[in-house]
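Step one of this worksheet: look at the structure below.
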Amino acid sequence: MSTGIAVGLSKGFPTEKKSRGPARCKGAATAKATLCREVVREVSGLLAYERRLMDMLKIGGASAEKRMYKFAKKRLGSHKRANKKKEDVKDVYARMRAKNA
């Protein structure tokens, strides 16, 4: 607390702290944003490189996952993003197969 005296540890004009509301968590996935992304994905479909990832998954083979990862990493630039994209494409493919079956 300030004392109103010009010197000392608690020098300066006495003021009250303003109470602040809760801070907004920037980047947190809200329900509105999630719904919006879902609708956009449904309308626009897959990107060209995502379709190539899907083809790699469809063809399969022993090292399909690894090739998918390497291709996604080259396109997206990081390990984390590549793994996330690989899982997304696998999820889309699984939903597509479940819908057709």
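Here are a few things to note about the model shown:
- In region 68-81, the qualifying residues are those that are loosely packed, with under 12 Cβ neighbours inside 10 Å and touching a helix residue (DSSP H, G or I) at 6+ places or on another chain (Cβ under 9 Å), and the one that is farthest from ASP91 (Cα to Cα) is LYS74.
- Close Cβ contacts (under 6 Å, 6 or more residues apart or on different chains) running from residues in region 52-68 that are aliphatic (A, V, I, L, M) to residues that are open to solvent by 80 Å² or more (accessible area, probe 1.4 Å) comprise MET56/ARG67.
- Only one entry of GLU50, GLU65 meets the criterion of being in a helix (DSSP H, G or I), under 20 Å from the mean Cα position of the chain (by Cα) and either modelled with pLDDT of 90 or more or surrounded by 13 or more Cβ atoms within 10 Å (Cβ to Cβ) (or both), and that entry is GLU50.
- Subset of region 62-101 (residues that are in contact with a Lys or Arg (Cβ under 6 Å, 6 or more places away or on another chain) and small (Gly, Ala, Ser)): ALA72, ALA82
The values are calculated or read from the model by the stated rules, or taken from the named source; none is laboratory data. Fair warning: this is a prediction, and the values are worked out from it, not measured in the lab. Here Cβ is always computed from backbone atoms with ideal geometry, including for glycine, and neighbour counts include all displayed protein chains. The area values use the complete protein model at the heavy-atom level, side chains included, leaving out ligands, DNA and RNA. Shrake-Rupley method; radii C 1.70, N 1.55, O 1.52, S 1.80 Å.
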